[in-house]
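Data block below; observations after.
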Amino acid sequence: MEFLDLPPMLGAAGTVRLPGSKSISNRVLLLAALAEGETEIRDLLLSDDVERMLDALQTLGVCWERNGDSLDYRVRGVGGPFPVKHAELFLGNAGTAFRPLTAALALSGGEYRLSGVPRMHERPIGDLVDALRALGADIRCTANEGYPPLHLRPASIRPGGVVRVRGDVSSQFLTALLMALPLTGVETTVEVVGELISKPYIRITLELMARFGVQVEQHGWERFVVPGGARYRSPGTVFVEGDASSASYFLAAGAIGGGPLRVEGVGRASIQGDVRFAEALEQLGARITMGDNWIEAAAPVEGGLKAFDLDLNHIPDAAMTLAVAALFADGPCRLRNIASWRVKETDRIAAMAIELRKVGAQIEEGEDYLVVTPPARLQPAAIDTYDDHRMAMCFSLVTLGGCRLRINDPRCVNKTFPGYFDVFGQVARAVPVVAIDGPSASGKGTVAARVAEALGWHCLDSGSLYRLVALAAMRAGIALDDEAGVAAIAADLPARFENGLILLAGEDVSDAIRTEACSVGASKVAVLGQVREALLDRQRDYRIGPGLVAEGRDIGSVVFPDAGVKVFLTASAESRAERRYKQLMEKGMPANIQSLLKDLQERDARDAARPVAPLVKLPDAVLLDTTERSVDEAVAFVLDLVRAGG
């Protein structure tokens, strides 16, 4: 499975220009297609869901064109029902395309087959189908009654009167009916059965229908009257707002990661209900400021986010972001009235419960609620995304707790926000890493420790980990070429680094791992793939704020490929042998300089030739030859690189 590893973050601040709203984009496309005249659509969202709608409209006889590489489109409306009367449409997992198209096609007098991905076939559509059947539509659920795929056939529509639709499963059913009913030309009343959820999305529908010339008479949230003789007419130009649901990730990032973080494209003047996510953040203590077309969030003046108990029926998509923000609250948090999560791209209540537990939270899951109790410390985890874009995006916020995270199937964000992780990486500040590599005895350990001390950062001597593995294996009587046995030692290595000491099961082995036998053993176990894999996550866990200086083989290529500064520190073999000789003599350990020189030369050749993590300077690493440099000069050189890089 494809995955994306996200590093731990120190904070988040900056400005983000949001992509267009998915909900507005697909509604505007359908209305423009059904309208008389030509509509210019500006800032359309370019995503999988919108592409499904565009493809479907083209198949149905609607002509549209894109203005170069821009996000501006021109749609030539057909002025009523779709002209193509036979079509098969594959709509992926795009609910904002599938539901409205079902209603419009049911009233277009043709024969159509609609299908999607397996998850779409698990998402209920029976309430919409029943309402359309009450109008005379001939719709068959070809696999399971109440679910896609669908087969629509020509039928005698009986327009007018009253049609009823449930409102407590998905607001998209009501949206689909309202948008399609003007095709009948007859006044029709829609009555909502049960409580209407996600009311702000209905506001979007009514607002956009009005822009296209159809004014729906609203009686609370229970009755809606679509006037007779109404026809959609192009308003000329329509601008698509930024996606308010997508804004939630960045506003939460500002509230969790310090901020200020501003999103542009939505604000006080927005027609999207999810802008009220900012109000929810304010209740958690975040500092919120807002303009007509922007919102800005910053962390509370004092302390972290407050625990909350909120009814989130009005912002179901953005509420997912609050479930992750709850990890940063000062107590248990309850998300209520979110039953609609069960019928989204995945069962989001179940999925959230599973993935939040992975990072250490305690979860209580109900039919329409979730209680999140944050852990004392977040745990690294691999997050499954269930082909659900919002799962992937909201869990990226976990990294703001100084916790690395793996996102499985990261491309699912293409549904609404292609490039999301690039944008997140621009406003979130990763814990910085300085990676120092080089041949044995080049002084990289000494330089790394001194640089870390000067910066006030943490230090990782990865070579010591391999020496510890070799020492532990030899003490356990495990042959160093027993890859599985040594890897088992590495996976459960009781090692700690404290106050300059290297501890193995509580014993100070700082000197023991520097013996020649341990050095040779380290070289042997370091070429074992299973051992390197076992130590990979252990090394990455040293990346904590305010920063890390890490040294060792493949430290900048495999362990921390995103390190901001990479140094290849080397010296002549003769110089390195002399330094090693002096170190051993100072510790009262026997040594022969010629033997040391020969050993280093052989090790260099062996390290350069080995298939696993060969000794090689990376293209993006800076060469530092210390043959004629002192330790102080080498440290100053690296510090200058760090400061030059900000």
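The values are calculated or read from the model by the stated rules, or taken from the named source; none is laboratory data. Quick caveat: nothing in here was measured; it's all calculated off a predicted structure. Quick reminder, even Gly has a Cβ in these numbers, built from the backbone with ideal geometry, and neighbours come from all protein chains shown. Note: areas computed on protein heavy atoms with side chains; ligands, DNA, RNA excluded. Shrake-Rupley method; radii C 1.70, N 1.55, O 1.52, S 1.80 Å.
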### Task
Sorted from largest down, give the three principal axis spans of the alpha carbons of segment 213-345, whole angstrom values.
58, 31, 26
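Could you rank 266, 78 by how accessible they are, 1.4 Å probe, largest area first?
Details: 266 0, 78 50 Å².
Descending order: 78, 266.
Suppose only helical runs count, i.e. DSSP H with n ≥ 4. What mean residue ellipticity at 222 nm does that imply for the chain under -39500 (n - 2.57) per run, divided by all residues and rounded to the nearest 500 deg cm²/dmol?
Details: 20 runs with 228 residues, N = 646.
Roughly -11000 deg cm²/dmol at 222 nm, from the helical runs in the chain.
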#### Entry: Descending semi-axes in whole angstrom, ellipsoid equivalent of segment 310-393, from the Cα gyration tensor
18, 15, 10
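Across the chain, how many lysine pairs, 8 or more positions apart or on different chains, have C-alpha atoms separated by under 15 Å? Please give the number.
Values: 22/344; 22/415; 344/415; 444/566; 444/617; 566/617.
Step by step, the pairs that qualify in the chain add up to 6.
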### Summary
Averaged per residue, the 1.4 Å probe accessible area of segment 80-167, protein heavy atoms only, in Å², is roughly 38 Å²
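With all protein chains present, how much of the accessible area of the chain (probe radius 1.4 Å) comes from carbon and sulfur, to the nearest whole percent? All intermediate terms of the calculation are to be shown ahead of the outcome.
Values: 12250 of 25190 Å².
That share works out to 49 percent.
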### Summary
For 22, 306, 85, the accessible-area ranking with a 1.4 Å probe, largest leading, is 306, 85, 22
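Mind jotting down a quarter of the surface of the convex hull over the alpha carbons of segment 541-598, in square nanometres, one decimal?
Details: hull surface 23.6 nm².
Mean projected area of the Cα convex hull: 5.9 nm².
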#### Entry: Over segment 428-487, relative contact order from alpha-carbon pairs under 8 Å, at least 6 apart, %
16 percent
### Query
For segment 97-174, what size does the Cα cloud have along each of its three principal axes, sorted from largest down, in whole Å?
34, 29, 20
### Query
Cα centroids of segment 240-263 and segment 520-548: how far apart, whole angstrom?
36 Å
### Message
If I take every Cα pair under 8 Å that is 6 or more residues apart in the chain, average their sequence separation and divide by the length, what percent do I get for the relative contact order?
### Response
13 percent
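Rounding to the nearest 20 debye, state how big the charge dipole of segment 308-408 is about its Cα centre with +1 on each Lys and Arg Cβ and -1 on each Asp and Glu Cβ.
Values: 11 positive and 14 negative charges, 83 e Å.
About 400 debye.
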#### Entry: Shape box of segment 1-100 [Cα atoms, principal axes, largest first, Å]
55, 31, 23
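Roughly speaking, what is the stretch gain from residue 1 to residue 595, that is 0.36 nm per residue apart minus the C-alpha to C-alpha distance, in nm to one decimal?
Values: separation 594, 0.36 × 594 = 213.84 nm, distance 4.83 nm.
Taking residue 1 through residue 595 to full extension adds about 209.0 nm, to one decimal.
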### Message
For segment 270-307 and segment 338-387, what is the centre-to-centre distance using only Cα atoms, to the nearest Å?
### Response
23 Å
### Summary
Taking alpha-carbon centroids only, segment 475-515 lies from segment 101-175 a number of Å equal to 65 Å
### Task
Consider the candidate values (1) 12, 27, 29, 26, 6, 0; (2) 16, 46, 32, 6, 0; (3) 17, 40, 26, 14, 3, 0; state which one is P(r) over Cα pairs in 20 Å bins from 0, in percent computed from the structure displayed.
(3)
### Solvent-accessible surface (1.4 angstrom probe) belonging to residue 589, in square angstrom, nearest 10
50 Å²
### Task
Measure nothing fancy, just the Cα-based angle from helix 462-475's long axis to the longest principal axis of the chain, in degrees from 0 to 90, nearest 10.
70 degrees
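Taking loop as defined by DSSP and a crowding limit of 10 other beta carbons within 10 Å, which trypsin sites (Lys or Arg not before Pro) in segment 552-646 fit?
Numbers: sites: 553, 566, 576, 579, 580, 582, 587, 598, 603, 606, 617, 629, 643; in loops: 553, 587, 617, 629.
Sites meeting the loop and neighbour criteria: 587.
Run the numbers on segment 1-109 and let me know its relative contact order in percent, using alpha-carbon pairs under 8 Å that are six or more apart. All intermediate terms of the calculation are to be shown ahead of the outcome.
Working: 148 pairs, mean separation 30.9, N = 109.
Dividing the mean separation by the residue count of segment 1-109 yields 28 percent.
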